[in-house]
Each structure stands twice: as C-alpha cells, then as structure tokens.
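The values are calculated or read from the model by the stated rules, or taken from the named source; none is laboratory data. Everything numeric in this text was worked out from a predicted model, so none of it was measured. Don't worry about glycine lacking a Cβ; one is built from the backbone with ideal geometry, like all the others, and counts go over all protein chains shown. To get the accessible areas, we keep the full protein, side chains included, count just its heavy atoms, and leave off ligands, DNA and RNA. Shrake-Rupley method; radii C 1.70, N 1.55, O 1.52, S 1.80 Å.
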Amino acid sequence: MRTAPDSPEESMHVSITRPSTPEEALALLRGARSELGTPIADLVVTDEHLTTAFANRNRRPEWVWTADRDGRTAGRVAGWGAPANDQPWILDFFDLGEEPDRVDVMTALLRRATADLRAGGLEQVELNLFPPAGWRDDPPPALPDLLAAAKAAGFEILVTRRRFRWTPAAGLPSVRDGLRFEPVSGPDDPVLADAYLRTFQGSLDAHTRRSLRTRDAAELAAEELADMVNYAGPVDGWRVAYDAGGALVGLVTGNPGAKVFTGYVGVVPEQRGHGYARELLAWMTTWQAEHGAEKVVGETDDENVPMRRAFEAVGFEEESARIDLVG
Ligand SMILES: CC(C)(COP(=O)(O)OP(=O)(O)OC[C@H]1O[C@@H](n2cnc3c(N)ncnc32)[C@H](O)[C@@H]1OP(=O)(O)O)[C@@H](O)C(=O)NCCC(=O)NCCS
C-alpha cells in the first residue's frame, strides 16, 4: 500500500535545498536564466554579480532556495537585502527552469521561501519582477508563468513601476537658479528626517502609503533613511533644498560612483506644483555625473505621473518595468 506523500514537494518529486554557505549557494545558482530579457533581470543571474553580492552580504545562503528533481535543477529563487539586516528586502532572482510543470515547481519554491522567511520574523514577503517596459502588450513567456506561480503561492500585485536610466549621452541637465541646496550630516540629520517625513503627506507612492497604514510616520522615516544609505549612500550628495525665500522645498538622495541610483526625490506638500522634483533630480544627476556616473538608475510607480515627468525632463529614458508583489 502506498502512503500519502509528506509534503507537496515530495508529491511533485522535487526536493528544495536552502544552502548553508555562500560557496554552496553560488554553486547552486550558477547557470541560472532569468528569461525576462531586461538589463537588471539578466544582471542578477551572472556569476560576477552573485560573487560580489555574496561577498558584500547583499545576498545570503539562507535567502536562496533551489529545487532539485532527479539530479536536475528544476527552479531557483533568491533574495536581496542590506548587509546589516537579518531579513531580505525582496526576492528578485527567479529561474523557472525547464520542467513541464515549472509553474508548480516555482509555486512550491515561493511557498517554501515565504514560510522560511516568516518563521525568521519577516512579516511580509515582497517579490520584484523586472519585465520589459512593454510587458502588458507583449509579455515575455516567462512573465505569465512567474505571475501564475506567485499568485498560486499567495502573492498579489501591490504596484507596477517604471525603471529609468540616465547616461552621459543624454547630456547634463540644466539646473534652474533660485534653489539653495544644503548638505546633511547623516541619515539621522533632524532637518533631513523632518523633510522626508513631510513628503509622506499626499504621497503617490504605493509602498509609502501602505507602510503608513500600520506604521508611525516618524519611525518609518527614520528607518527608511537609515536603509537608504545601503543603496543611495553615503550621504555626501544628499541635499535638502530651500526656495529663494528660505522655505523648505524638499530633499534628494543619491550616491556617487560609476553605476548609481537616484534614491529619493521629495517635495513638501505646500511646495508642490512648481516643477521642483525636476530641479532636485537635475541637481542630483549633475552631481552624480560630476562624480563619474556612467549610468544613473531611478524608479517610480506607474501612478506617480509627476515623478515620471521629472525623470523624462532630466533626460532619463525608460529601461524596464517592475512588478511588486506582496504575500
Ligand atoms: C513626486 C513629487 C516629488 C512631485 O512634486 P512636484 O515637483 O511638486 O511635481 P510637479 O510640480 O511636477 O507637479 C505636476 C502636477 O502634479 C501635481 N502633484 C505633484 N505632486 C502631487 C501629489 N503628491 N499628489 C497630487 N498631485 C501632485 C502638482 O500639483 C501639479 O499639478 P498641476 O499641473 O495641476 O499644477 C511629489 O509629489 C512628492 O514629493 N511626492 C512624495 C514623494 C515621492 O513620491 N517621490 C517619488 C518617489 S522616488
């Protein structure tokens, strides 16, 4: 008499491994394919990226799950986070593999990853997919498979976003006279923290709005600014801006280097509608260009039309999209 399989994975004839060392993780992830065909999705599966990310602790063995079937790799998932954090920010690495039931295998991987991360104390797990800009009309075949697996594993779309890039070929943006830009002393600078907090009001950003439903705004601001150092720091180029009358306009963050990020652009509610987002972004992009930027990347929600227009006005072009799912 056959006994019932112990777990869904067993009934699918896959076993899921969570490696215990960076070397083991690298060996398990080597040779993965993203199939989404965008610069960021293709980058995260490269050996070069993975080796650096494990060395920097942006990736960890315990944030990797791989499915094995009869000695073949049937699918892989991995997360990304800050070196000092115990939990990843996002799961961003997905290899669907080539098995005929790959959607089910990915579902099992995502279920297992979610259960493990929740057991470790992460309240909500977020997946970021990076499909091409035209994904709604012309999705790469892997996208419906990934979305189906995510939905079957209990995830739903929080927001769809656009990813923009500026390169020196676009030319340096002009910066209008009249704004004064002041440096900040650190992510906990009270002037910066106050400016950041004030930009939450009336925000069009889905992540901000969702967090504010359950979090104290000042606490959230402090935590997010501390986190921002990990992807848009150090704070050398972070600025708070004032208008000609000395009133606070907003803030902008970003990092120096060859491949860099626009961290955040925010205008306080009473100053909105004067195109200041464009000016803040133009200032930061110029600063980054002067500090050797060959590529600056920034993202915003599809619904955040003023921010999208600011990217376009500064000479950014759309590089890809992003679909954020939470579960
Ligand atoms: C996105 C943001 C920086 C744009 O501010 P801005 O530079 O004042 O925007 P613009 O001057 O280009 O505004 C264009 C239009 O959008 C409107 N607008 C700007 N921000 C708005 C908001 N949050 N809610 C509703 N309408 C807004 C303006 O009033 C203006 O309307 P009008 O054309 O009828 O006069 C600002 O909304 C903000 O700080 N939001 C919170 C932070 C954020 O989302 N940052 C981007 C994430 S990286």
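Here are a few things to note about the model shown:
- Checked against (1) in a strand (DSSP E or B); (2) within 12 Å of the ligand (Cβ to nearest atom), M307 passes all but condition (1).
- Meets criteria (surrounded by 16 or more Cβ atoms within 10 Å (Cβ to Cβ) and under 23 Å from P83 (Cβ atoms)) for R69: no
- Among the residues of segment 178-223, those identified as under 20 Å from the mean Cα position of the chain (by Cα) and of a type in the set (K, R) are R209, R210.
- Residue in segment 237-251 that is of a type in the set (K, R), touching an Asp or Glu at 6+ places or on another chain (Cβ under 7 Å) and over 19 Å from A221 (Cα atoms) present: no
- Flag if V229 is aliphatic (A, V, I, L, M), assigned to a helix (DSSP H, G or I) and more than 13 Å from the ligand (Cβ to nearest atom): yes
- For segment 296-321, a residue qualifies if it is open to solvent by 30 Å² or more (accessible area, probe 1.4 Å) and touching an Asp or Glu at 6+ places or on another chain (Cβ under 9 Å), and the qualifying residues are E303, R308, E312, E318.
- Selected residue [small (G, A, S), open to solvent by 20 Å² or more (accessible area, probe 1.4 Å) and part of a helix (DSSP H, G or I)] from A41, A108, A115, A84: A115
- Qualifying positions in segment 48-71 - free of Cβ contacts under 8 Å to residues at least 12 places away in the same chain and either of a type outside the set (D, E) or not assigned by TED's automatic domain parsing to the domain that holds P144 (or both): H49, T52, G71
- Apart from one condition, T208 fits all of (1) without any contact (Cβ under 8 Å) to a residue 24 or more places away in the chain; (2) within 12 Å of the ligand (Cβ to nearest atom); (3) in contact with a Ser or Thr (Cβ under 6 Å, 6 or more places away or on another chain); the exception is (3).
- Any hit, segment 271-279, residues being open to solvent by 50 Å² or more (accessible area, probe 1.4 Å) and of a type in the set (G, A, S): yes
- Selection from segment 257-280 of residues that are part of a loop (DSSP other than H, G, I, E, B) and either among the hydrophobic types (A, V, I, L, M, F, W, C) or in contact with a helix residue (DSSP H, G or I) (Cβ under 6 Å, 6 or more places away or on another chain) (or both): A258, V268
- Counting only helices (runs of 4 or more DSSP H) that sit completely within segment 119-216, those holding 3 or more residues that are under 26 Å from F93 (Cα atoms) correspond to 142-152, 206-214.
- Within segment 186-231, restricting attention to residues that are over 26 Å from R309 (Cα atoms) and among the basic types (K, R), the residue that is most open to solvent (accessible area, probe 1.4 Å) is R213.
- In segment 269-281, the residues that are more than 20 Å from E299 (Cα to Cα) form Cβ pairs under 6 Å with partners that are open to solvent by 40 Å² or more (accessible area, probe 1.4 Å) and more than 6 Å from the ligand (Cβ to nearest atom), at six or more places apart or across chains, as follows: P269/Q201.
- Single unsatisfied condition, W238 versus (1) more than 18 Å from the chain's Cα centre (by Cα); (2) within 16 Å of the ligand (Cβ to nearest atom); (3) open to solvent by 50 Å² or more (accessible area, probe 1.4 Å): (3)
- First in segment 171-198 and farther than 19 Å from Q288 by Cα, second anywhere and aliphatic (A, V, I, L, M) and open to solvent by 90 Å² or more (accessible area, probe 1.4 Å), Cβ under 8 Å, 6 or more apart: G178/A244
- Single condition G250 does not satisfy, out of (1) more than 10 Å from the ligand (Cβ to nearest atom); (2) part of a strand (DSSP E or B): (1)
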